[in-house]
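The values are calculated or read from the model by the stated rules, or taken from the named source; none is laboratory data. Treat the numbers as computed from the prediction; the structure is a model and nothing was measured. As a convention, Cβ positions derive from the backbone with ideal geometry for all residues, glycine included, and neighbour counts pool all protein chains shown. What goes into the accessible areas is simple: the full protein's heavy atoms, side chains included, and nothing from ligands, DNA or RNA. Shrake-Rupley method; radii C 1.70, N 1.55, O 1.52, S 1.80 Å.
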Amino acid sequence: MLARLARSVSALCRAVHTQPGSTTAALELIRSQPSHYIIANFVGRKYILTPRDVLTVPRLRDVKVGDVLTLDEIHELGSREYTLRGNPTISPSRVRVQATVLEHTKGKMEFIFKKKRRKGYQKTISHKQPYTRLRIGEIEIPIESSS
């Protein structure tokens, strides 16, 4: 009895949500939600990002502090209730996300110890990995004008 009631409640919840007929309708539904997220490809890796996130990536050599970068490889856009997936990416004209370079920094000190047994050879190499920190801006979903 309880299992049947749970199934009917589950079916009712699914019936409340609407299935959009087109990409424009899906974007409109996502735009109406209070919070958004994206899955973006940046420097060869995928990241789940929301507005005002701070992202630490391997050092970007050709950018300066304060530069604004545009994320153009967005694979998924979503909110709490709706998701839009690209095939393989969503067009940059439909979703705009910018990231600002906050700082160039280094990670913690890493030690690499090398040794050859019975030879007296020991060597310690230490280094700090360079990183770039980015602040993710607002996720803009522009309204498309019907021409």
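Considering region 97-120 alone, what residues qualify as being at negative phi and open to solvent by less than 90 Å² (accessible area, probe 1.4 Å)? Spell out the reasoning first.
First pass over region 97-120, keeping only residues at negative phi: 97-117, 119.
Hits for region 97-120 are 97, 99, 100, 101, 102, 103, 104, 105, 107, 109, 110, 112.
From the set of residues in region 55-96 that are in a strand (DSSP E or B) and among the basic types (Lys, Arg), which is surrounded by the fewest Cβ atoms within 10 Å (Cβ to Cβ)? First the steps, then the outcome.
Of the residues in region 55-96, the ones in a strand (DSSP E or B) are 55-58, 68-71, 74-78, 83-90, 96.
Of the ones still in play, those that are also among the basic types (Lys, Arg) are 85, 96.
Working: 85: 13, 96: 16.
Taking the candidates together, the pick is 85.
Here is a list of conditions, (1) open to solvent by 30 Å² or more (accessible area, probe 1.4 Å); (2) within 19 Å of residue 135 (Cβ to Cβ); (3) in contact with a strand residue (DSSP E or B) (Cβ under 8 Å, 6 or more places away or on another chain), and residue 35 meets all of them except one; can you say which number that is?
The one condition residue 35 does not meet is (3).
Looking only at region 121-147, count how many residues are β-branched (Val, Ile, Thr), surrounded by 12 or more Cβ atoms within 10 Å (Cβ to Cβ) and not in a loop (DSSP other than H, G, I, E, B).
Let us first name the residues in region 121-147 that are β-branched (Val, Ile, Thr), namely 124-125, 132, 136, 139, 141, 143.
Keeping just the survivors that are surrounded by 12 or more Cβ atoms within 10 Å (Cβ to Cβ) gives 132, 136, 139, 141.
If we keep only those that are not in a loop (DSSP other than H, G, I, E, B) too, we end up with 132, 136, 139.
Final tally of qualifying residues: 3.
Between a residue in region 65-82 that is at positive phi and any residue that is open to solvent by less than 20 Å² (accessible area, probe 1.4 Å) and part of a strand (DSSP E or B), which pairs come within a Cβ distance under 9 Å, given they are 6 or more apart or on different chains?
66/101
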